[in-house]
Amino acid sequence: TAKLTVTKIVVNNNGGNHAVSTFALSVFDGFVSTGVVSGVTNTLPLATYFVSETGVSGYRATFSGDCNAVGQVTLVANDNKNCTITNTEIPASITLIKNVTGTGTLASPNVFGLKVDGGLVLNNTSVPVTSNTPHTISEDGLTGYTFVSMTGTGCPSSLGGTATLNEGEAITCTITNHKN
């Protein structure tokens, strides 16, 4: 037999709120999958194992220690190996798209002053935002144009409304203005 310790680290640096306990860890020898607990040493038969996890989306996993980049580790007699899975939160993001309607020469989408949390955002540009926090979507507007709608899954329906995104979630909000 040999020993293997799997350690789970969760990095929440963009508003994420998941913990080590959110992720179920296991080792698979090609025939049997065995659940393991983070930080606990397991005595296992000699074999090549794949360390894996199930949990929530919105995190990027990397393997280190004695596991290779895909979580594979080979145990030979008397080994005492350690594998670490680090899950780093993927920032959420909001993309704003300006749709300008009407007749005649229409203003450029970038002159409407699209904003996320008061910061200017260029048309059709994605900005990273903190997860699990309400974010205000607005615009400065332009004289001679009227706000018509804001559409998109997870988007507020009116200017000044907020959207709260999960870890790694991305939304696209289309803001339509019509020339008077």
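The values are calculated or read from the model by the stated rules, or taken from the named source; none is laboratory data. Small disclaimer: the values here were computed from a predicted structure and weren't measured. Because the Cβ atoms are built from the backbone with ideal geometry, glycine has one as well, and the counts that use them run over all protein chains shown. Just so you know, the surface numbers come from the protein's heavy atoms only, side chains and all, with ligands and any DNA or RNA stripped out. Shrake-Rupley method; radii C 1.70, N 1.55, O 1.52, S 1.80 Å.
What to note about this one:
- Using a Förster distance of 41 Å, the FRET efficiency for Val70-Thr151 (Cβ separation, nearest 0.05): 0.55
- Computed over the chain: relative contact order in percent, which uses C-alpha pairs under 8 Å that are six or more apart: 23
- Each of Asp117 and Lys179 was given a label point 7 Å from its Cα along the Cα-to-Cβ line. The distance between the two points is 3.5 nm.
- Amide H contacts under 5 Å for Thr125: Leu96, restricted to partners 5 or more places along the chain or on a different chain, H placed in the peptide plane at 1.01 Å from N.
- Label-point separation, Ala47 to Ser158 (7 Å along Cα→Cβ), nm: 6.0
- When a 1.4 Å probe is rolled over the protein heavy atoms, the share of accessible surface on segment 53-180 that falls to carbon and sulfur comes to 50 percent.
- For the pair Thr105 and Asn132, label points projected 7 Å from Cα toward Cβ lie 5.1 nm apart.
- Under the Debye formula (equal points on every Cα, no solvent term), log10 I(q)/I(0) of segment 1-144 at q = 0.18, 0.20, 0.21 Å⁻¹: -0.96, -1.09, -1.16
- Working ranking of peptides 33-40, 49-56 by packing, defined as the average number of other Cβ atoms within 10 Å per residue, highest first, is 49-56, 33-40.
- Förster radius 45 Å - calculated FRET efficiency between Asp140 and Ser33, Cβ distance, rounded to 0.05: 0.25
- FRET efficiency for the Val20 to Thr172 pair, using the beta carbon distance and R₀ = 30 Å, is estimated at 0.40.
- Charge tally around Ala47: other residues with Cβ under 15 Å, Lys/Arg +1 each, Asp/Glu -1 each, net -1.
- Phe112 sits among other residues whose Cβ lies under 13 Å from its own Cβ, and their net charge, with Lys and Arg +1 and Asp and Glu -1, is +1.
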